[in-house]
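For reference, the structure discussed in these notes is given below.
The values are calculated or read from the model by the stated rules, or taken from the named source; none is laboratory data. Predicted model, so just to flag it, every value in this text is computed and none were measured. Reconstructed Cβ throughout: ideal geometry from the backbone, glycine too, with neighbour counts over all protein chains shown.
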Amino acid sequence: MLETYRPAHVIALQGNTHVKNGVLSDYCVDHGFIASSEEYYDLKVRMRKEVPSPPYPPVDEVLPVLKEAGIKVAIAHPHGYFNQGDRARMDTLRQECQLDGIECAHRKVPPGYTLIYREYCVEHGLFSVGGTDSHTVGDIQELFAGHGGADEWLDEFLGCLAL
């Protein structure tokens, strides 16, 4: 299913990742597992009860490897993770995940929060990025560079990579 919309060279680089919910929902409808896409959420709940997702490796095992390799850590589409701009939650994740940056602009970040997340980055010396989740040719044509982030963020980000 992943190969139906993600190019082979991207899969070769990233490995197998999750399949878009819409693609999986359509598959389940097409194969008779559910009658309509509206039933997909309930199916996911039932699936998780029967077959729990494998655990992610603990952050305290992953971060040292990333940091040793010089990798910068940013949180993508943070609005849900940050509980809609809850400063205490933002502080906790910044410290726990040793964040270097935040995706401040993204189509899933309400525009009013872009400035809040950007100000948080400036306050804590983090870089700011914008994302469009362009995974397919259609996404790239429709969404690429449509994230709402400021142009100067790129120079800031590139500057932190040179360190």
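Need at least 3 residues that are modelled with pLDDT of 80 or more per element, so show me which helices (runs of 4 or more DSSP H) inside region 90-163 make the cut, counting only ones lying wholly within it.
Values: elements: 111-124, 137-143, 152-161.
Answer list for region 90-163: 111-124, 152-161.
If the requirement is being of a type in the set (A, V, I, L, M), touching a strand residue (DSSP E or B) at 6+ places or on another chain (Cβ under 9 Å) and under 28 Å from Y113 (Cα atoms), which of these qualifies: I71, I75?
Values: I71 fails: touching a strand residue (DSSP E or B) at 6+ places or on another chain (Cβ under 9 Å).
Every option except I75 fails the conditions.
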Between a residue in region 111-133 that is touching a residue at least 24 places away in the same chain (Cβ under 8 Å) and closer than 19 Å to L158 by Cα and any residue that is assigned to a helix (DSSP H, G or I) and of a type in the set (D, E), which pairs come within a Cβ distance under 7 Å, given they are 6 or more apart or on different chains?
F127/E156; S128/E156
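From Y41, Y81, grab the single residue that is within 30 Å of S128 (Cβ to Cβ), free of Cβ contacts under 8 Å to residues at least 40 places away in the same chain and of a type in the set (F, W, Y).
Just one listed residue meets the conditions, Y81.
When you go through N16, N83 one by one, which is the residue that is of a type in the set (S, T, N, Q) and on the phi > 0 side of the Ramachandran plot? Walk me through how you get there before you give the answer.
Working: N16 fails: on the phi > 0 side of the Ramachandran plot.
Only one candidate qualifies: N83.
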Among the residues in region 122-130, are any loosely packed, with under 13 Cβ neighbours inside 10 Å and either on the phi > 0 side of the Ramachandran plot or not assigned by TED's automatic domain parsing to the domain that holds E156 (or both)?
yes
Looking only at residues in region 27-45 that are in contact with a helix residue (DSSP H, G or I) (Cβ under 7 Å, 6 or more places away or on another chain) and in a helix (DSSP H, G or I), which one is farthest from D139 (Cα to Cα)?
L43
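Yes or no, residue by residue, for (1) of a type outside the set (S, T, Y); (2) at pLDDT 90 or above; (3) touching a strand residue (DSSP E or B) at 6+ places or on another chain (Cβ under 7 Å):
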position	(1), (2), (3)
C28	yes, yes, no
Y40	no, yes, no
V45	yes, yes, no
E50	yes, yes, no
P54	yes, no, no
P57	yes, no, no
E61	yes, yes, no
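Would you call R48 touching a residue at least 12 places away in the same chain (Cβ under 8 Å) and outside any loop (DSSP other than H, G, I, E, B)?
Values: touching a residue at least 12 places away in the same chain (Cβ under 8 Å): no; outside any loop (DSSP other than H, G, I, E, B): yes.
Against the criterion (touching a residue at least 12 places away in the same chain (Cβ under 8 Å) and outside any loop (DSSP other than H, G, I, E, B)), R48 does not qualify.
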